[in-house]
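Here, each number is a calculation from the coordinates, and none is a lab measurement. Every value quoted in this text rests on a predicted model; they were computed, and no experiment measured them. Cβ coordinates were reconstructed from backbone atoms using ideal geometry, including for glycine residues, and neighbour counts include every protein chain displayed.
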Amino acid sequence: MRYVHLYLTCIKRSMISRLEYKKDTLVALSSFFFSNLCSLAALYFILQSIPALAGYSLPEVGFFYGFSMLPIALDHLFSDELWLVAYRRVKDGDMDMHFLRPVPVLFQVFAETFQPEGFGELILGAALIAVCASNLTVAVTFGSVAVLFVGALFGAAIITSLKIAMAALAFIFKRSGPLLQVIYNFSNYAKYPLAIYPDFIRVLLIFVLPFGLFISLPVDTLLYGKHNPWLLCGAIIGCAAVFFALAVWVWTACERRYESTGS
Amino acid sequence: MLKKYKPFLRAGAMDTLSYRFNILIWAVITVFQVACLVFLWLAVYRSSAGGMDAEIHGFTFREMIAYVVLTTVFNYVTFNNDTLWNINNDIRKGTIGNYLIKPISYRGKFAATSFGSLLTMTLLFGIPFYAAALLTLGGLGFLPDLSFPAFFVHLGLFLVAGLFASLLNDVIAYIFGVFCFYTTASWGLNSLKETLISFLSGTLLPLAFFPAGLRKVVSWMPFAGMSQNPVLILMMKYDLAESLRCLALTGAWIVALELFAKLLFSHAIRKVTVQGG
């Protein structure tokens, strides 16, 4: 309870400082919106020139793309500060202040920023899903909708966990941003149906960096009823729990080895 | 007259040299990115009406892969400036004052720096990377038949196109940098610029895939000269006349944008808000 209160206070403070620069938030928001729009347009132009992509029609591919934006957007709202930790803050000796406070460092990092830009992605993703779904005829069941919610929410938790673990390495190596980038970029693969990839990439995207587990498999379940929705829900939640536990463990282990670089 | 910019040229070259270890990370990120695109195009051509041998908007599958690889290398070697960030820093820290009282042009300083880094990148990475890419692609039969004496002409034009692309990229970065006088949203401005360039230059997708109306408009914009046109000149997809026409258009844009940048800067400099310094 105390932490909820603390989090809200910190976020309020960070939002107030953001509001000083309203115009800038607007520029940042629209640039995000625009960049997603361009990738979408590119995909649309490609699909215009072929009947279907590996058996998936245009609205189906659009649905995949839109759904992939949801967990990414949710993660983006809450954990953007991890990028700064990985790229800059440890290297610049800027983390010391967090170690002096009687609250876990990881909590403080999350309380540092709330990124409203994520809402742009969330809205665009939802709009894309709505447009594509209205062009599709699928038998919607309670289970297949549930698995989408679980995929988006717990998928976000998996992405955040991966980011925590990669950012934590900065405590040892001073700068882990590029590594975080490499891992994070795999989310680009999950924007398309898994069917376009060879087997070893599919295995990688389900069992190792599970972007496919919480993006592609739930969508396949909704569109084609390919998997048992409740089993899949269980698998995603279990995977999120394991990833989160591992991430916190890695973070704590790395944090203990932190040496300030001075200021 | 140009002599006073030589230190900046050298500084750009040295800067690039000191970051040469970044290349490893770039290589890892890029290999995965290119692989993703290759899988996507593979699925696209497999799913097309004509199958793997289809030609979609003038590109066979092999040419498309060559295009993806060559634009990736081209962008890495050619676009290497921190112009926007440096201008933003100069404004925020107040160091811009130092340049305003010196008898050099602020724009000239950046042009020289980015030319320096282009030279380093081309010599250090460009030559081995292009050679490796061309030999591999050629060996796999992924390049159209290169008829030899003509290829050297295209190679020469390609080098000019690369220089033009670098200048164009630098002046665009400079214009967006000058926008930092009006807003502190440098991060958003930079991502806007990158998106604009990657979409309209043909990096994301060759412009031939765009719908006819949009393609017509975009082909008159400066962006195609930054990525698509140089690579298609190298791949000999453009004949000599077409190549020269592209270069002329890009050259004209450089002049126009430099003039615009000059006007914009003289307006912006009256608005400068320094934070600290």
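Things worth noting here:
- Shielding by partners for peptide A:43-50, expressed as the average number of C-beta atoms from other protein chains within 10 Å of each residue's C-beta, is 6.
- Between region A:180-208 and region A:18-53, the C-alpha centres lie 22 angstrom from each other.
- For region B:52-90, the residues whose backbone nitrogen is under 17 Å from a point 7 Å from the Cα of A:Gln181, taken along Cα to Cβ, are B:72-86.
- Local electrostatic count, A:Phe173, Cβ distance below 11 Å [Lys/Arg +1, Asp/Glu -1]: +4
- Label-to-label distance, B:Ile29 versus A:Lys174, with points set 7 angstrom from Cα along the beta-carbon direction: 2.0 nm.
- Rounded tilt (10° steps) of B:186-200 against the dominant C-alpha axis of chain B: 30 degrees
- Centre-to-centre separation between the Cα atoms of region B:61-78 and those of region A:212-263: 34 Å.
- R0 of 51 Å, Cβ-Cβ distance B:Leu214-B:Lys102: FRET efficiency to nearest 0.05: 0.70
- With eigenvalues of the C-alpha gyration tensor scaled by 5 and rooted, region A:56-256, Å: 33, 17, 15
- Computed over region A:84-190, the ratio Rg/Rh where both radii use C-alpha atoms and Rh is Kirkwood: 1.09
- Sites listed here are trypsin sites (Lys or Arg not before Pro) in region A:209-263 whose DSSP assignment is loop and whose Cβ has at most 15 other Cβ atoms within 10 Å: A:Lys226, A:Arg257.
- Cα-based radius of gyration for the protein assembly as shown, normalised by 2.2 N^0.38 Å, reads 1.02.
- Peptides B:168-180, A:146-158, B:243-255, ordered by how many other C-beta atoms sit within 10 Å of their residues on average, highest first, read B:168-180, A:146-158, B:243-255.
- Highest-fluctuation residue, A:Leu194, A:Leu231, A:Leu180 considered, GNM on chain A with Cα pairs under 10 Å: A:Leu231
- Here region B:143-267 is described by how far its Cα atoms reach on the three principal axes: 51, 28, 23 Å, from widest to narrowest.
- Taking only the Cα atoms of chain B, the radius of gyration and Dmax are 19.9, 64 Å.
- Seen against the Cα atoms of chain A and their longest principal axis, helix A:142-168 is set at about 40 degrees.
- Cα long-axis angle, helix A:229-256 against chain A (0 to 90 degrees, to the nearest 10): 20 degrees
- Annotation for A:Ala126 and A:Thr252: the two label points, set 7 Å from Cα along the Cα-Cβ direction, are 3.6 nm apart.
- Value of relative contact order over chain B, rounded to a whole percent, pairs C-alpha under 8 Å and six or more apart: 27 percent
- Computed from the Cα positions only, the extents of region A:172-220 along the three principal axes stand at 40, 19, 15 Å, in decreasing order.
- Treating each Cα of region A:1-153 as an identical point scatterer and summing with the Debye formula, the log10 of I(q)/I(0) at q = 0.13, 0.15, 0.21 Å⁻¹ comes to -0.78, -0.93, -1.33.
- Take each residue in A:168-181, count the other chain C-beta atoms within 10 Å of its C-beta, and the mean is 1.
- Shielding by other protein chains, A:22-35, mean Cβ within 10 Å: 5
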